Amino acid sequence: RGVAHLMQAEQRFLVADRVAKELSLRRDFELADKAVRKFLKGPWAQVIAQAQLEPDRGTEKAGAKADGKVDVKARMPADMRYLGVVSDLIWSSRVDAARRNRARLARVIPGMLRTLREGLQTIGYNGAASSQFISTLMGLHAQALRAEPDGEVAHRALGDARLDPAADPTGNAAE
C-alpha cells in the first residue's frame, strides 16, 4: 500500500510538471501577478494533475447552491473546473485589467474562491501557505475594487467573500 501511494505521488508530480509547463505557455500567463504565477505552477498544477488522475472524483457534486439554483460549473468534471478558474485567476490578479471591469470582478470572486478552496483540499494544501496566497489574492482584488466611483462595489464583494465560509479556502470564516 505504501509503494502504491508513492507511485501515485510520483505520477501526480509528473502530470503536475506537464500542467505547469502548459499553464506557463498561456499568452496571458506572464501578465499575471508573480504570486499567482507561482501558485499556478505549484499547488494549482498539483490540483489539476490530481483531478486528471482521478477523473470521476468531484463529478458527483449535486451543484445546488444555497438559493436553490443549480451551479452548472459544479457539475463539470473537476479538472475542467480547475482549469476553468485559471483565466479568471490570471485576469483578476491584473489590477489594471480587473479595475476596468469591477462588476465582473465582484461576480467572479466568490465562485473563484470556492473553486480554489475545493481544489486545494483535494491535495491537502491548506494552512499558512494557503492563507498567505488567498490573502495576497484578496489584496490584489481589493486594489482593483478600490476606486473612486465604485468603492461600494469593493466593500460588498470583499465583505461577501469573507462572510461566506465556502469562499474562504482556509476553511476559517471571518468572525
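The values are calculated or read from the model by the stated rules, or taken from the named source; none is laboratory data. Being a predicted model, the structure only gives us computed values, none of them experimental. Note: ideal-geometry Cβ built from the backbone for every residue, glycine included; neighbour counts use all protein chains shown. These area figures cover heavy atoms from the full protein model, side chains too; ligands, DNA and RNA do not enter into them. Shrake-Rupley method; radii C 1.70, N 1.55, O 1.52, S 1.80 Å.
Data for the structure
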item: Hits in region 113-132 (condition: in a helix (DSSP H, G or I) and open to solvent by 20 Å² or more (accessible area, probe 1.4 Å)); result: Arg114, Thr115, Arg117, Glu118, Gln121, Thr122, Ala128, Ala129, Ser131, Gln132
item: Residue in region 114-124 that is touching a strand residue (DSSP E or B) at 6+ places or on another chain (Cβ under 7 Å) and at pLDDT below 95 present; result: no
item: Tally, over region 13-53, of residues that are within 14 Å of Ala78 (Cβ to Cβ) and surrounded by fewer than 22 Cβ atoms within 10 Å (Cβ to Cβ); result: 3
item: Inter-residue pairs, beta-carbon under 6 Å, first touching a residue at least 24 places away in the same chain (Cβ under 8 Å) and in region 10-34, second surrounded by 13 or more Cβ atoms within 10 Å (Cβ to Cβ) and part of a loop (DSSP other than H, G, I, E, B), 6+ apart; result: Leu31/Arg94
item: Hits in region 94-138 (condition: among the β-branched types (Val, Ile, Thr) and under 21 Å from Gln50 (Cα atoms)); result: Thr115, Thr122, Ile123, Ile134
item: Which listed residue is more than 28 Å from Arg12 (Cα to Cα) and either charged (D, E, K, R) or open to solvent by less than 30 Å² (accessible area, probe 1.4 Å) (or both), from Ala103, Ala78, Ala98; result: Ala98
